[in-house]
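Reviewing the structure listed below.
Read the figures in this text as sums done on the coordinates, not as results from a lab. What you see is a predicted model, and the numbers here were worked out from it, not measured in a lab. Neighbour counts run over all protein chains shown; Cβ positions are idealised from the backbone, glycine included.
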Amino acid sequence: MRIQRWSLLSLCFLLPLATQSLREMPLWSAEKSFELGNLIEPFDPPPLAELEKKTEWIDQPVLDGMEVMRAYLKAKGKPQLSVKQALALHNDSDAHNGQILSTLGQLAPADGKGVDFDATLVRHVSGDLKSTNPLLISSVTEFEFQGLTSFGYLSFDRDFHYFAPTETVVSWQTSKDRLVDKFILRDDLTWSDGKPITARDVQFSFQVIMTDAVVVPAVRTGTDQLRWVEAYDDQTFVIFHKRALATNTTNLSFPVIPKHIYQASIAEDPRMTTSDYHSRLEDHPVTGGAYTLVKRVRNQEFVMRRRESYYRHQGRQVRRKPYFKEVRVKVIEDANTALLALKGGQIEEMILRPEQWASQTGDESFYARNTKVTALEWTSFHFVWNIKTPYFSDPRVRQAMSWTFDYDELFETISRGMYQRNRGTFHPTSWMFPQDGPEPYHQDLDRAEDLLDAAGWEDSDGDGIRDKVIDGKRVPFEFTMLTYQSQTGIQVATLMKECLDQIGVVCHVKPTEFTVLTQRVRDHQFQGAMGGWGSGTDPDTSTNIWVSGEGRNYGNYSNPRVDELFEQGRHEFDRKKRAVIYGEIHKLLWRDQPYTWLFYRNAFYAFSKKLRGYNFSPRGPFDYSPGFDSIYKPAAAP
Amino acid sequence: MLHYLVRRIGMGFLTLLFITFVVYGLVRNMPGTPLTTDPAMMDPSKQISAEEIQRLEKLYGFDKPWYQAYFIWLGNIARLDFGKSIPQNNKPVGALIAQRVPATLILSVTSLVLTYLLSIPLGLWSTVHSGSASERLVSTLLYMLYSLPSFVAALFLQILLAVKLGWLPLFGMTSDGYDTMSTFAKTWDICQHAMMPIICFTYGSLAYYSRFIRANMQEVVRQDYIRTARAKGVSPRRVIWHHAFRNTLIPLVTLMGLTLPGLLSGAVILEQIFTWPGMGRLYFESIGQRDYDTIMGLTLMFSLLTLLGQLLADVLYAVVDPRVTYH
């Protein structure tokens, strides 16, 4: 009986709350009415003839990414070794690494002679493909899938120079006032269902991205800086910008979806995930790139096949034939299993973990089928100091932190010589790094102690811990360092703690779950934290890290001169002049030490010995042009 | 019995409400939201504006207090809408879970059946041969197996059976040419892929269950009624099977009841090592990604199965023990 009474009481309590909530809500069912492009401010594009009449155009490069790479490799000179010799090498020194890369990185002849066009490549990814829809792209796996299957009208080379690819574009022009970009597409482009790819698809995609009910935050960011995209005919589209900025080029490109496929269905299911029609499209997408999806087994693999209608049009070859007949992508989350699969020949390339590079890929079980290469990647790691805490508001304290750290121990013991010294926010090999760039810090405890003394942090009560009177209270220098839960993260933070112990500063290392760590730093709820950044294609992408009040300025750094310089950089179009601006930013940041910059992490890759033509950009071997396109299998073994 | 069932179901319903309320409160109060680790938020080259973040938070209901959001979730559940997974591109949670069920069941049901088929005879054999050299050897082996972490065993098995001998596939659930195989070949293909995960799933519980049965049997065989049966000249086989084993069934049935949620919970590490698309990884990932609806969908499912398992065990008591009746 008691149970029944409780049940009734509970229901009396719960039901009104539940029904009230139901009336207020639903999160998912009460979607707003669909209005295509409702986030776009009203704009009336001029007729094309009028635009042509009043605009002075600057021609922009329309290039073949493969030929750009060919010219780059030619300028570097001939490889020192034959392919056979390179394949016999063990990659155990910088010299061997350079020899393997320069030899096996050579491209196939322009006419494709010697390429095994019937070959299949088995790739590896560590996370599944969540969506095949280019607008829903978010993770690395989706970027790699879209790289092979999607249509694009803008690309960039290994030095991050943007160009329009000859595969899809006839011409690209920018108005002299930098407010308008005009593209003319080729007329021999088709979707995988045989329908032509036109400028109307580009305009439609822009409108879809800029629709409130369509949830695509990743692709809307940047695209929302465009004023309008107008398709004047099937081949010509013009992009109007809101402001004349150097960063306009990076915003020009957004994913394109086929208008004829989505225009009738998008209003009914704006998230493109739930209707039967969109669910079917997920597994059978209409693609515009060199490959098309032929098989998808969730959480296991997806398979793409070369699309004849991509490189042949009306019975003749109009584009370079993609090198692989089929690309299978295996999803293997566990790094050990992936390495065993690589050694067993079940996958043909993978990213190696530093410990795999150092200790699990040096014997014949690895070299029997594979080789490995490492290359510079602009991925940097640091300690970020929260300037709004009493400990790190004084730049002298932050400088003291940087003089305290034992870099030799980091590079010789923890990283086993695989990382490089970090020299600030921009990579030393980048165009924005200043000519008289700063030299890296080294451990100098005397200097660190002098700086802390000067900043007022002294051991006044003789307890071995430095302290300082702040707002009438004696505050010991004792803070918490958040770090991620990987072995390297914990080792590096613990090393810092041990170093700080020697100068009377107490540091508590707190390994923290990634999501918690991310949220804490985003909310500025930390004192010190370890972190890392990859690189964007333009230094302006660092604005959100360094400009006062920006979202990724986790340490609350604020320097009006830096803010001003970032704004200047955005309005300067000449790369040399921009380099001077960003060089000054680099030096100011180095002086202020809002971070203690630690190390750059290289790219570590393993490739099957059957593969050739891989080269690296600062963002790895795939994320640039030609990237994946240049990789091939030769028809004959060396 | 009917009255008892109604009361138990009522209690179960309240327990479910309590569990889901507490879990919802916990997950909503953990630092971070599904947007925190969204790749769109992590891309260093782009920054989603504060207005866009606010818009998304409103859209997903993160601007509401958690207790209010709980009742919204509850209301949706009442209409059999389990919500959508934000990190999985708004895929319906029901479909996401359904996708993982077959793979999870292949491993768990096979493993459970194997465990019982092997552990009961092994437990009984150990009882009969208690104290003998062979029994001690088997016990030692079982203890060793019980102490061996499954992820270590998995790695050894992979190296031995897949890499060195090439007898079994290294990872995944199907081979490349699976689509073109005959039904028999497809079944055999899945069996081959499942073999190593099943071995890893099974050996630990085999050791545990057989020791559990042996321990219970040791207690029962010392009872007076067993001595009486033996004195009456009942055959040793019948004494063990009919008189002793039946009386050890009650704790075994409790254990069986508790394994019901385990059938669908999967195993995080083994699924990751063997690239097996099971439920464990889904749960683990959804917690890391603060995928509220998926966490709650799985929590509800596991809670429901736990309660059902307990109810089933209680009902089975009456079946295996005539002394137990419910009013």
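A Cβ-based charge dipole, computed about the Cα centre of the protein assembly as shown with Lys and Arg at +1 and Asp and Glu at -1, lands at about 3540 debye.
Quick one: net charge of A:Pro61's neighbours, Cβ under 15 Å, K/R +1, D/E -1? Taking every Cβ under 15 Å from that of A:Pro61, the sum is -4.
Here the sum of -39500 (n - 2.57) over DSSP H runs of 4 or more residues, divided by the residues of chain A, equals -9000 deg cm²/dmol at 222 nm, to the nearest 500.
For the stretch B:211-260, take N as its residue count and report Rg(C-alpha) divided by 2.2 N^0.38 Å.
Numbers: Rg = 12.0 Å, N = 50, 2.2 N^0.38 = 9.7 Å.
That ratio works out to 1.24.
Its relative contact order, with pairs defined as Cα atoms under 8 Å and 6+ residues apart, puts chain B at 27 percent.
Note down the relative contact order for the stretch B:101-290 as a percent, whole number, built from C-alpha pairs under 8 angstrom at least six residues apart.
On the way: 182 pairs, mean separation 67.3, N = 190.
Across the stretch B:101-290, relative contact order equals 35 percent.
Diffusion coefficient (Stokes-Einstein, Kirkwood radius over C-alpha pairs, 25 °C, 0.890 mPa s) for the stretch B:186-327: 134 µm²/s, rounded to a whole number. Put simply, when B:124-134, A:465-475 are sorted by average Cβ atoms within 10 angstrom per residue, most first, you get B:124-134, A:465-475.
Across chain A, the relative contact order, built from alpha-carbon pairs under 8 Å that are at least six residues apart, equals 18 percent. Estimated from helical segments only, the mean residue ellipticity of chain B at 222 nm is -23000 deg cm²/dmol, where each DSSP H run of four or more residues counts as -39500 (n - 2.57).
Annotation: Cα Rg of the stretch A:82-201 relative to the compact-globule expectation 2.2 N^0.38 Å equals 1.43. Peptide packing for A:376-389, A:499-512 was compared via the average number of neighbouring C-beta atoms within 10 Å per residue; ordered from the highest value, the list is A:376-389, A:499-512. Peptide packing: for A:586-595, A:40-49, the average count of neighbouring Cβ atoms within 10 Å per residue gives the ranking A:586-595, A:40-49, highest mean first. Of the two radii for the stretch A:427-573, the radius of gyration is 1.01 times the Kirkwood radius, both from the alpha carbons; that is the Rg over Rh value.
From other protein chains only, count the Cβ atoms within 10 Å of every residue's Cβ in B:67-76, then give the mean. Provide the component values of the computation, followed by the final result.
Values: counts 2, 5, 3, 3, 11, 8, 4, 5, 10, 7.
The shielding value for this peptide is 6.
Anisotropy class assigned to chain B is oblate, per the alpha carbon gyration tensor with a/c at or over the 1.5 cut-off and a/b no larger than b/c.
Other protein chain C-beta atoms within 10 Å of residue C-beta, averaged over B:270-277: 5. The C-alpha atoms of chain B define a longest principal axis, and helix B:133-147 lies at about 10 degrees to it.
So if I average 1/r over every pair of distinct C-alpha atoms in the stretch A:245-351 and take the inverse, what Kirkwood radius in Å does that give? All intermediate terms of the calculation are to be shown ahead of the outcome.
Details: mean 1/r = 0.0582 Å⁻¹.
Final number for the Kirkwood radius of the stretch A:245-351 is 17.2 Å.
Across the stretch A:498-593, counting alpha-carbon atoms alone, Rg and Dmax equal 16.1, 49 Å. With the charge dipole of the stretch B:101-290 set up from +1 on Lys and Arg Cβ and -1 on Asp and Glu Cβ about the Cα centre, the Cα lying farthest toward the positive end among the listed residues B:Pro102, B:Pro149, B:Ser126 is that of B:Ser126. Our summary of shape: the Cα atoms of the protein assembly as shown have principal axis extents of 111, 86, 70 Å, ordered from largest down, in whole angstrom. Counts of other chain beta carbons within 10 angstrom of each beta carbon in peptide A:125-132 average 2.
A Gaussian network model of chain B, with springs between Cα atoms under 10 Å, assigns the largest mean-square fluctuation among B:Thr33, B:Thr180, B:Thr299 to B:Thr180. P(r) tail for the stretch A:154-221: Cα pairs beyond 19 Å make up 52% of the total.
Across B:Leu148, B:Leu122, B:Leu282, mean-square fluctuation computed from a Gaussian network of chain B (C-alpha pairs under 10 Å connected) peaks at B:Leu148.
Between the C-alpha center of the stretch A:74-149 and that of the stretch B:196-215 there is a gap of 46 Å.
In terms of overall dimensions, the stretch B:101-290 has a Cα radius of gyration and Dmax of 20.0, 65 angstrom.
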